[in-house]
Structures are given as structure tokens and as C-alpha cells.
1. When D86 is evaluated against the numbered criteria (1) without any contact (Cβ under 8 Å) to a residue 12 or more places away in the chain; (2) more than 13 Å from the chain's Cα centre (by Cα), which criterion, by number, is the only one it fails?
2. I'm checking my understanding of the structure. Among residues of the range 118-140 that are over 18 Å from E41 (Cβ atoms) and modelled with pLDDT of 95 or more, which one is surrounded by the most Cβ atoms within 10 Å (Cβ to Cβ)?
3. Could you list, in sequence order, all residues of the range 1-23 that are aliphatic (A, V, I, L, M) and surrounded by 20 or more Cβ atoms within 10 Å (Cβ to Cβ)?
4. Would you say F114 is modelled with pLDDT of 95 or more, among the aromatic types (F, W, Y) and assigned to a helix (DSSP H, G or I)?
5. Please find, within the range 58-96, the residue that is nearest to V26 (Cα to Cα) out of those that are among the polar types (S, T, N, Q) and surrounded by 16 or more Cβ atoms within 10 Å (Cβ to Cβ).
6. The conditions are (1) part of a helix (DSSP H, G or I); (2) over 22 Å from the mean Cα position of the chain (by Cα); (3) under 15 Å from E129 (Cα atoms), and S49 fails exactly one of them. Which is it?
7. When the range 24-54 is examined, which residues are found to be buried (at least 19 other Cβ atoms within 10 Å of the Cβ) and either closer than 27 Å to T157 by Cβ or among the small types (G, A, S) (or both)?
8. With respect to R115, determine if the residue is surrounded by 15 or more Cβ atoms within 10 Å (Cβ to Cβ) and in contact (Cβ under 8 Å) with a residue 60 or more places away in the chain.
Amino acid sequence: MTAFRHPAFAKLSPKIDRAAKELREVERYLTAHGSELSDGEWGAVSAVSLGIHNIYNGIEDILFSLAKDVDGLVPSGPTMHQDVLDQMSAEIASSRPAMLGQDLYEALTELKGFRHLVRHRYGFDLKAEKVQENFERAREALPSFVAAIVSLERALTEESTHDNDGGDGAGGGASGGP
């Protein structure tokens, strides 16, 4: 379990662990049923697609949590799924660096689109090669996403530490007193 120091990140560890467990389960499934996926067998295509769907849902849940707890603004409305990716890929001056680099942003955008297909199509409409492609994308994106969370938490924690250790102790800050 990833341990965080910043309060906004403390609740993310179980969410990260669930997404990682889902990835491991899909990998385990593919070890036994990889040829069925390659053959386009409906059950294998559906099972792996659902696993990718669940992994992306976990990632998106974390993004919404960070948008709320770090940025104080959670996207809503019909474009909220893309908006949260856009928001977390942008730097907010004097607040936080961009969390998602270009490659991770593009991978997550692709996974978001695939998740949409899984939700709104029947399993027999999904193509085995696209499922495999998106599984590989999820396999690469999840560790990169976790590293991005750790990096963002580190940046915010260091910023907070630097804010608290400046000054000479002579009192020029806001103390609540006269």
C-alpha cells in the first residue's frame, strides 16, 4: 500500500490498491485464457474488457478525488469525464503542477474512450485486438499514474514544508493575534 503524508492523498491508497488488484486479476486471467482472447471468444473479450473498464474507473475516481481535495473544483455535466483529465493535466499557478504529462494524458484519454465503448456496446461488438491494445495501455498507464500521484503529493508536501520554514521566527506572519 502506498503511504502518503499529505491529507488529500491519504484516502487514495485503498483506491490505488483496488485498481492494481484488478490489473493483477486480468493478468492472471490472461495467463490461462490469452488464446481465447486472441481468438475473439466472447467470454474472454468481455472479461478483459470489464477488467479494463474497472481499472479506468478506479483511475478516474482518484482523479475526481484529487480535483475535489486539491483543486477544490470537481468537473460536472456531460463533459466531466474529459474535463477531469484536462484539469489534472494543467498546471494551476501557485497551487499545483500539472499531474498528468502528455503521454499519460493521451493513454488515459484512450482508456476513457474504451471504457465508454464497454459501457455502451454489447460484448460481441468489441474487437479482440482493441481489447488487447487497451489492456496493454492500462498495464503501462497504471504504474505511470501511481508515479504521477506520488510526484504530485511530493510537490505539494515540499511546497507546504517550504511555506512553513521560511522566515526568521520574528513574527511577520499571520498569527491570529494583535
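1. The number of the failed condition is (2).
2. A138
3. L12, I16, A19, L23
4. Yes: the conditions hold for F114.
5. Applying the filter and picking the extreme gives S65.
6. Against the list (1) part of a helix (DSSP H, G or I); (2) over 22 Å from the mean Cα position of the chain (by Cα); (3) under 15 Å from E129 (Cα atoms), S49 comes up short only on (2).
7. Result: A44, A47, S49, G51.
8. Judged against the criteria, R115 is a match.
The values are calculated or read from the model by the stated rules, or taken from the named source; none is laboratory data. Since the model is a prediction, treat every value here as computed from it, not as a measurement. Methodologically, a virtual Cβ is constructed for each residue, glycine included, from the backbone with ideal geometry; neighbour enumeration extends over all protein chains shown.
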